[in-house]
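S.K.: Pasting a structure here, questions to come.
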Amino acid sequence: MRILPLLCLVLFAVSPTYSASVEVTLTSGEIHIGELTKADDTSVTIAVVSKTKAGKTLTASITHQRSKIATIREVLSLRDQYAERLKAAGESPDSVGKVAVWCLASNLYEEAITQARRAWTLRPGQGEADQVLTKTGHIKVDGQWVLESEHLAADGKVKYRDEVLTKEEAAKRKEVDNARVLLVSAREQVQELEGRERKALKSIEEESMRKTANDADATTFDAYLTENRPRVGKLEDRIRSAKATYDQAVAFRFSEENIYGVGRANPGSYQSERAAQDALNAERNALQVLITDLTSASSKRDAALRSSTDAQQNIVSYQKTVERARTELVSARTKVSDLESKAGVAGARSKPLTAADVPDIAGLRAAVVLIATFDAQDKLLRTGSGFFVSADGRLITNGHVSGDNPTHSFVVFWDPLTKRSPERFRLSRVAADPDIDLACLLPVTPRTPYGFLVTGPVPELATPIRAIGFPAPDDLANILQTGAGDIVITGGTVNSVRRQDNIITFIQHDCRIARGHSGGPLIEASSGRVIGINTFGVHPQKMGAVGDTFFFAVPASQLSTVAP
């Protein structure tokens, strides 16, 4: 643990006053600094405060046995340390300069400026003083340090995003930048409303189909009921007739048994009785089956009618949702149009471009190539895109395009205008970074010089950009033998920039890309510089969500990990 600089330290022979800030050095050499919360003859407890990477403050109470403590020293407050350091520095320019540096590191901002000016007065050009004054927004004017903001204000100017502008220019730039930020959320609102409208329309279609099917079922069951209900009366008549026949057979058998004795009637009498009983049971069973079928049909018809009614109610509800979404879309699209005008960006998004949109089409054709990967048996596995970043043929693509064994990858050249057969060159890997899915390859048989693209920084949000690549065609094998179509270029804007630990990890954009675009460049429309490497897209519909597909590119600033 880093030891804080201490000037005046008091060695404790007994327990210090509670709530004092102390430094506890253990016999093992370990050091803890914190607020003293408890002390007695056997132990000392301090509260240590620390911060996580996420910025969350954590406090832990640590108890040390006095037998394991080498020393306990009180730590002075920052103000007391400042006074002690200032006293010790005296009039030495270098010492005063070091005090200024310490003040700045300790967030004593005003004191840092005061001591830096003092050190510079004692000796103009004192190094630490220059550093502190520069870091605190000062500039040299006629040999004197002044606040840059005050100096610019005197000339009617301000500094905005590292540029010196007039107040009017800065106000306009700020308005444009604010409009671009608002434009991102406004476009997201339009996308959300469009998604809501699409989802409601789809639901209307589904509910309409459900209503149609239920109406048809209800009609079928109703027809069955209409046709078969009269059969109940007929079966009841047949049961009454069968019952009468059975009763006659029983009476005849009784009459014979009265004459001949029980069980001694004519065998034909018993047979007639059993036949009559079987006929009666058959009719009764038939009636029961019919009643069961009619009850089931009636229940199913009623369920179909309820489902149809429910579907109709849902249709009405979804229609209202569509109407509300369309009403809100009018306002949202108007807002987007106004913000696009203020931000100075084009409203057209995700459309195929022409040479007028991207002037250096020839340069892109020379620098952006298709990459095909095969297995050991020369069977095509996948294709992707890549682009050259140097005249000696260093080729950038995604790691998932080249695969783990790039010796089976080829870069494929062709001129789509002359329709020549494609040229294939085997690749070797120069470097790869699987954590960011980037790889740098090099043709085994060079064909120098190569056309190449220049990289640049990530621009502001809503800046027009272009995605270039070779979307995977249906018949890849045939394409690799006969030549492919032209590169595909789509347009859009920067939607957002994802960061982790203040480092840009992904650029989110809305240029349409497809399978095969992976590894292709994302360029700024105005400069033609590569700002990212297209890597993947997210499709909310495939996850059961609502909204348009959005796409991600690894920033070009990450290329240094594979192509320094």
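The values are calculated or read from the model by the stated rules, or taken from the named source; none is laboratory data. Keep in mind the model is a prediction, meaning the values are calculated, not measured. Note that each Cβ is placed from the backbone with ideal geometry, even for glycine, and that neighbours are counted across all protein chains shown.
S.K.: Kindly check whether there is at least one residue in region 549-560 that is at pLDDT 80 or above and loosely packed, with under 15 Cβ neighbours inside 10 Å.
M.R.: Yes, region 549-560 has at least one match.
S.K.: I'd like to check which strands (runs of 3 or more DSSP E) are fully inside region 6-85 and have at least 1 residues that are under 30 Å from Q500 (Cα atoms) and modelled with pLDDT under 75.
M.R.: In region 6-85, 43-51, 57-65 are the strands (runs of 3 or more DSSP E) which contain 1 or more residues that are under 30 Å from Q500 (Cα atoms) and modelled with pLDDT under 75.
S.K.: What residue, among those in region 498-520 that are surrounded by fewer than 16 Cβ atoms within 10 Å (Cβ to Cβ) and within 13 Å of the chain's Cα centre (by Cα), is nearest to A553 (Cα to Cα)?
M.R.: T505
S.K.: Regarding E168, is this residue touching a residue at least 40 places away in the same chain (Cβ under 8 Å) and either loosely packed, with under 14 Cβ neighbours inside 10 Å or in contact with a Phe, Trp or Tyr (Cβ under 7 Å, 6 or more places away or on another chain) (or both)?
M.R.: Judged against the criteria, E168 is not a match.
S.K.: Just checking, does region 182-195 include any residue being touching a residue at least 24 places away in the same chain (Cβ under 8 Å), among the β-branched types (V, I, T) and touching a strand residue (DSSP E or B) at 6+ places or on another chain (Cβ under 7 Å)?
M.R.: yes
S.K.: Can you name the residue in region 193-214 that is crowded, with 18+ Cβ neighbours inside 10 Å and under 30 Å from the mean Cα position of the chain (by Cα) and is also farthest from L339 (Cα to Cα) among such residues?
M.R.: I204
S.K.: All but one of (1) closer than 18 Å to G516 by Cα; (2) under 30 Å from the mean Cα position of the chain (by Cα); (3) at pLDDT below 65 hold for F388, so report the exception by its number.
M.R.: Of everything listed in (1) closer than 18 Å to G516 by Cα; (2) under 30 Å from the mean Cα position of the chain (by Cα); (3) at pLDDT below 65, F388 misses just condition (3).
S.K.: Take the residues of region 88-112 that are more than 42 Å from the chain's Cα centre (by Cα) and part of a loop (DSSP other than H, G, I, E, B): which is surrounded by the most Cβ atoms within 10 Å (Cβ to Cβ)?
M.R.: This residue is S92.
S.K.: For region 92-138, which residues satisfy the criterion of being farther than 13 Å from Y82 by Cβ and among the hydrophobic types (A, V, I, L, M, F, W, C)?
M.R.: Residues satisfying the conditions are I113, A116, A119, W120, L122, A129, V132, L133.
S.K.: Quickly run through region 346-363 and pick out the residues that are closer than 20 Å to H509 by Cα and either buried (at least 16 other Cβ atoms within 10 Å of the Cβ) or modelled with pLDDT of 80 or more (or both).
M.R.: Those that are closer than 20 Å to H509 by Cα and either buried (at least 16 other Cβ atoms within 10 Å of the Cβ) or modelled with pLDDT of 80 or more (or both): R349, S350, L353, D357, V358.
Let's see how each residue does on (1) under 30 Å from E169 (Cβ atoms); (2) at pLDDT 90 or above; (3) out of contact with any Asp or Glu (no Cβ under 6 Å at 6 or more places or on another chain):
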residue	(1), (2), (3)
L104	no, no, yes
G137	yes, no, no
G143	yes, no, yes
L147	yes, no, yes
L152	yes, no, yes
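S.K.: What number goes with the only condition from (1) part of a helix (DSSP H, G or I); (2) free of Cβ contacts under 8 Å to residues at least 24 places away in the same chain; (3) exposed (fewer than 15 other Cβ atoms within 10 Å of the Cβ) that G263 does not pass?
M.R.: Just one mismatch for G263, condition (1).
S.K.: Is it true that Q248 is farther than 30 Å from T321 by Cα and either touching a strand residue (DSSP E or B) at 6+ places or on another chain (Cβ under 8 Å) or surrounded by 13 or more Cβ atoms within 10 Å (Cβ to Cβ) (or both)?
M.R.: yes
S.K.: From the list A332, A343, pick out the single residue that is of a type in the set (A, V, I, L, M, F, W, C), surrounded by 12 or more Cβ atoms within 10 Å (Cβ to Cβ) and at pLDDT 75 or above.
M.R.: Unique residue meeting the criteria: A332.
S.K.: From the list K243, K174, exactly one residue is over 30 Å from R324 (Cβ atoms), touching a Phe, Trp or Tyr at 6+ places or on another chain (Cβ under 8 Å) and of a type in the set (K, R). Which is it?
M.R.: The unique qualifying residue is K174.
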